[in-house]
Structures are given as structure tokens and as C-alpha cells.
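Working notes, beginning with the structure itself.
The values are calculated or read from the model by the stated rules, or taken from the named source; none is laboratory data. Remember, it's a predicted structure, so these values are computed and weren't measured experimentally. Using ideal geometry, Cβ is built from the backbone for each residue, glycine included, and neighbour counts are taken over all protein chains shown.
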Amino acid sequence: MNIKYDDSIIIQVLEEEARKRLGTDGWNDLIRGLELPSLEMERARASVVTRDLMERFDRFLDHKTSKEILSNVRHGLTHASFPGVREMFLAYGSIDEFAAAVHQDYLGEMARFRAENRPWYGVWIDDTILDFVRNDPYQFYGTRLGSDIYARAIPYRIHEYLQETDERQKRYMACHCPFARESILQNEGPVSKTLCYCSLGHTKVFWEVALDMPLDGEVAESALAGDLSCLFVIHLPDEAIARYVM
């Protein structure tokens, strides 16, 4: 599954989504006096200004509003970023079979990149990584438990993550966010996990495309919140359970 990420548009999309929800005046009031993060910033500085921005979100916006804004940022991805996913889902017609197939597809892709001696999203794949992914069905877009999908983000620096024993360093290795990762190592503490609703949105939009319906979810675990991995829960409506759980 070849997903094209573009981190350079994330803050732009954040601003667009915030303006939709808060209005231009509301957004301007929220960020008054703040510097917005950008990829051009040195990473430690980007974490500082992102911390300040998320503190404003937590102080002045309710949970529902923050979640709505950030989960629509979704790493800059849209429903159109997942061509063929709906058709693939319909070919299975089952949430469980589809989730298992997606997991196997990713394993196969990683194994192919290893055989071709190519990095997979910048990572050189070995047996340790393949075993790690194979043994965790939550990896990538997850699996169903009851009426929820549980999906765990693959660690960003997975080689170091699997070898690391220090919990703080392990959380640092897990985090993907270029605007927040360095904050895990900063004395001021990590950026609020409110930012992780952006990553929830990435997982959620994939399942929205597959099921062709709007969904809700939560951030269950976050490296920014002190957890050793990032875990997202997508709530399945009764309609989805009735139609697609065998």
C-alpha cells in the first residue's frame, strides 16, 4: 500500500481545519502571540512552539473541538489518499478478513523490500522487524476486538526501539511526529497528547474509506503521554457490525 505522506502541509491543514471550526477570529485569538511550528525549524525548537500551541488548545478549547480539528488533519491525508481500499474491503466483505489481509499485505511488502535490498519508508527491514510486526496484529491499521478496531503505530526508529531498554528513549524512538518527538527528551516535558488526534485521524480515515461511513475514535496510548507505543481505537457503529462482522 503506497501512501504518499507530505509533512510539509500538516500545519497548513491544521490552520485550515481550525479556521473551519473556530472561524478566522477564533483561530487568530487562539494563536495570538505564538509562533507556529514548521519543518524548516530546528527540531528542538519546533517541539517548543508545538508545546505552546497545544497548551493553548488544552486551555481554551474543549476536548470535542480539539479532537474534531486535529483528527481532520490526519497527517495531511484525505479519503482520496487511499485508492482501491474500498474495493479491496468489498472483495472480502468482512472487517476481520480485511484487517488480516491488510496486515499480511504489509508484511509481504516489507519482506519484498528486504529481498530487493531497499529501505521501506526509510527503514532497512530484517528478521527482527518482520517478527515484531508478524506477532502484533494491531500493527498498521489494526484488528477488531468487539465493536472497536485497535491499531498500533509502528515505531518510527524501529531498530533502535526494539533494542532500547530505557523507557524515555524508547518513547522517543516510537514517536513519528516531527513537531513533537524532541519534546519527549526535553526538560519541559512532552507536547500534549492532544496532538496525537492527528495520528488517530490517519487511522480513522483509512477505515472510513474501507467502510464508506464516518467513524469516531480515541487515542488509547501515546508516546507523548508516557506510553511505550501509540495505540488508536476506532469505534465501529452498529451498522458496520451488523453488515461486516460474520
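In segment 167-211, the residue that is surrounded by the fewest Cβ atoms within 10 Å (Cβ to Cβ) out of those that are under 20 Å from Ala46 (Cβ atoms) and of a type in the set (Phe, Trp, Tyr) is Tyr172. Being free of Cβ contacts under 8 Å to residues at least 12 places away in the same chain and either polar (S, T, N, Q) or more than 25 Å from His235 (Cα to Cα) (or both) is the filter; apply it to segment 125-166 and report the residue that is surrounded by the most Cβ atoms within 10 Å (Cβ to Cβ). Among residues in segment 125-166 that are free of Cβ contacts under 8 Å to residues at least 12 places away in the same chain and either polar (S, T, N, Q) or more than 25 Å from His235 (Cα to Cα) (or both), the one surrounded by the most Cβ atoms within 10 Å (Cβ to Cβ) is Glu164. Of the listed requirements (1) modelled with pLDDT under 95; (2) of a type outside the set (Lys, Arg); (3) loosely packed, with under 13 Cβ neighbours inside 10 Å, Leu39 misses just one: (3).
Anything in segment 81-96 that is in a helix (DSSP H, G or I) and touching a residue at least 40 places away in the same chain (Cβ under 8 Å)? List them, or say none.
Going residue by residue through segment 81-96, those that are in a helix (DSSP H, G or I) are 81, 85-92, 95-96.
Listed by number, the residues that qualify are Ser81, Val85, Arg86, Met88, Phe89, Ile95, Asp96.
The residues in segment 118-177 that are in contact with a helix residue (DSSP H, G or I) (Cβ under 6 Å, 6 or more places away or on another chain) and among the acidic types (Asp, Glu) can be counted, and the count is 2. Within this structure, Gly26 passes the test of being of a type in the set (Gly, Ala, Ser) and farther than 20 Å from Leu200 by Cα.
Go through Arg21, Arg74, Arg86, Arg56 for me and flag whichever is surrounded by 13 or more Cβ atoms within 10 Å (Cβ to Cβ), among the charged types (D, E, K, R) and in contact with a Lys or Arg (Cβ under 8 Å, 6 or more places away or on another chain). Quick ask: steps written out before the conclusion?
Numbers: Arg21 fails: in contact with a Lys or Arg (Cβ under 8 Å, 6 or more places away or on another chain); Arg86 fails: in contact with a Lys or Arg (Cβ under 8 Å, 6 or more places away or on another chain); Arg56 fails: in contact with a Lys or Arg (Cβ under 8 Å, 6 or more places away or on another chain).
Result of the check over Arg21, Arg74, Arg86, Arg56: Arg74.
Examine segment 104-112 for a residue that is part of a helix (DSSP H, G or I), surrounded by 16 or more Cβ atoms within 10 Å (Cβ to Cβ) and in contact with a Pro (Cβ under 8 Å, 6 or more places away or on another chain), and state whether such a residue exists. There is no residue in segment 104-112 that is part of a helix (DSSP H, G or I), surrounded by 16 or more Cβ atoms within 10 Å (Cβ to Cβ) and in contact with a Pro (Cβ under 8 Å, 6 or more places away or on another chain).
Looking only at segment 113-124, filter to residues that are aromatic (Phe, Trp, Tyr) and on the phi < 0 side of the Ramachandran plot; which one of those is surrounded by the fewest Cβ atoms within 10 Å (Cβ to Cβ)?
First, the residues of segment 113-124 that are aromatic (Phe, Trp, Tyr): 113, 120-121, 124.
From what is left, the residues that are on the phi < 0 side of the Ramachandran plot are 113, 120, 124.
Values: Phe113: 16, Trp120: 16, Trp124: 13.
Among those residues, the one meeting the criterion is Trp124.
Take the residues of segment 203-223 that are of a type in the set (A, V, I, L, M, F, W, C) and assigned to a helix (DSSP H, G or I): which is farthest from Asp148 (Cα to Cα)? Please lay out each step first, then the result.
Pass one, segment 203-223, residues of a type in the set (A, V, I, L, M, F, W, C): 205-207, 209-211, 213, 215, 219-220, 223.
With assigned to a helix (DSSP H, G or I) added as a condition, the list becomes 205-207, 209-211, 223.
Values: Val205: 15, Phe206: 14, Trp207: 11, Val209: 16, Ala210: 15, Leu211: 13, Ala223: 21 Å.
Restricting to residues being of a type in the set (A, V, I, L, M, F, W, C) and assigned to a helix (DSSP H, G or I), the top hit is Ala223.
When the residues of segment 113-128 are narrowed to those that are more than 22 Å from Lys4 (Cβ to Cβ) and in a helix (DSSP H, G or I), which ends up farthest from the chain's Cα centre (by Cα)?
Step one: list which residues in segment 113-128 are more than 22 Å from Lys4 (Cβ to Cβ), which gives 115, 117, 126-128.
Next, from what is left, pick out any that are in a helix (DSSP H, G or I): 115, 127-128.
On the way: Ala115: 27, Asp127: 25, Thr128: 23 Å.
Of everything passing the filter in segment 113-128, Ala115 is farthest from the chain's Cα centre (by Cα).
For segment 25-41, enumerate the residues that are assigned to a loop (DSSP other than H, G, I, E, B) and either under 22 Å from the mean Cα position of the chain (by Cα) or closer than 15 Å to Ile11 by Cα (or both). Give the derivation first.
Within segment 25-41, the subset assigned to a loop (DSSP other than H, G, I, E, B) is 32-41.
Within segment 25-41, Leu34, Glu35, Leu36, Pro37, Ser38, Leu39, Glu40, Met41 meet the criteria.
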